[in-house]
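Presented below is the structure to which this report refers.
The values are calculated or read from the model by the stated rules, or taken from the named source; none is laboratory data. Please read all numbers here as calculations on a predicted model, not as lab measurements. Cβ sites come from the backbone with ideal geometry, for glycine too, and all protein chains shown count toward neighbours.
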C-alpha cells in the first residue's frame, strides 16, 4: 500500500533490542495519533487518504511521527502527560519483566504502532465515533503488513477499540491480549470484562508469561550432554 509513502513518518517505533533472540519481541499497539488544534486534513477520509505529508505543517508532521514522538517522550522522562500511555505501560512491563533501573529503557526492547491510520478528529480524543469502513479496512491492511515485517512473539493492544476492530487475515500463532488504555480509569480499577482485574494487572500477568530475562542476569550455557 502507498499510505506510508504519503505519510512516511507514521512507520512504527522499533527498539534497538526488539529483534534480540534472548528477549521477547513485544509489539504494543495503540489506537491512533491526533493532531494539533486547527489541523483539518484528517477530518475526512477523502482528504486524509488522498493527501500526503507535504500539505501538513511542520508541527502536524511531527505529531504523527511515531518514532520521534516516543523518543522525545523518553528523553523528557514522560514530562508531558499526553505521553503517559508509554510511561504507565513501560512501568508495568519493566516491573514484571526485565527490571531495568529506569522503566523508559523498555522502549529499547519493544515496538510500538498505532492501529488506525487516520488521526483522531480532536486533540487528545478518540476515533471511536468517527471510524468509517475505509478506516477499518486500511488499518487492517497496514497492520497485517506490519505483523509480517516485525514478526512479534507477543502482541498487546493498549487500545480495546483497536483490538475489537482487528481482523487478522490469517490466524495468529503468537499470544495476543488487550488492555484498557494506560491513561484510562480502568488502568487502576477492576473490571468484570477483564476478569475482575485492573488493566495494569492484565498487562503484568501477561508479561510474566513471556519469561523476560532480568536485567543484569546472564543466562547460563546449556549443559554439554555429550560430556562424560
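Scanning segment 1-17 for residues that are more than 15 Å from the chain's Cα centre (by Cα), farther than 10 Å from residue 111 by Cα and in a loop (DSSP other than H, G, I, E, B) yields 1, 2, 7.
Residue-wise test of (1) modelled with pLDDT of 95 or more; (2) loosely packed, with under 15 Cβ neighbours inside 10 Å.
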residue: 81; (1), (2): no, yes
residue: 94; (1), (2): yes, no
residue: 121; (1), (2): no, no
residue: 129; (1), (2): no, yes
residue: 149; (1), (2): yes, yes
residue: 170; (1), (2): no, yes
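Being touching a residue at least 24 places away in the same chain (Cβ under 8 Å), in contact with a helix residue (DSSP H, G or I) (Cβ under 7 Å, 6 or more places away or on another chain) and under 19 Å from residue 20 (Cβ atoms): is that true of residue 124 here? In short, no.
In segment 40-52, which residue that is in a loop (DSSP other than H, G, I, E, B) and touching a residue at least 60 places away in the same chain (Cβ under 8 Å) is surrounded by the fewest Cβ atoms within 10 Å (Cβ to Cβ)? Write out each step before concluding.
Step one: of segment 40-52, the residues in a loop (DSSP other than H, G, I, E, B) are 40-44, 51-52.
Restricting the remaining residues to those that are touching a residue at least 60 places away in the same chain (Cβ under 8 Å) gives 42-43.
Details: 42: 24, 43: 15.
Checked segment 40-52; the qualifying residue surrounded by the fewest Cβ atoms within 10 Å (Cβ to Cβ) is 43.
Of the residues that make up segment 202-211, is at least one assigned to a loop (DSSP other than H, G, I, E, B), within 21 Å of residue 100 (Cβ to Cβ), touching a helix residue (DSSP H, G or I) at 6+ places or on another chain (Cβ under 9 Å) and at pLDDT 95 or above?
So far as segment 202-211 goes, yes, one or more of its residues are assigned to a loop (DSSP other than H, G, I, E, B), within 21 Å of residue 100 (Cβ to Cβ), touching a helix residue (DSSP H, G or I) at 6+ places or on another chain (Cβ under 9 Å) and at pLDDT 95 or above.
Scanning segment 60-96 for residues that are in a loop (DSSP other than H, G, I, E, B) and more than 14 Å from residue 113 (Cα to Cα) yields 76, 77, 78, 79, 80.
I'd like the full set of residues that are assigned to a loop (DSSP other than H, G, I, E, B) and closer than 19 Å to residue 142 by Cβ, limited to segment 172-198. Steps first, answer last, please.
Residues of segment 172-198 assigned to a loop (DSSP other than H, G, I, E, B): 172-175, 179-184, 188-190, 195-196, 198.
The answer is 172, 174.
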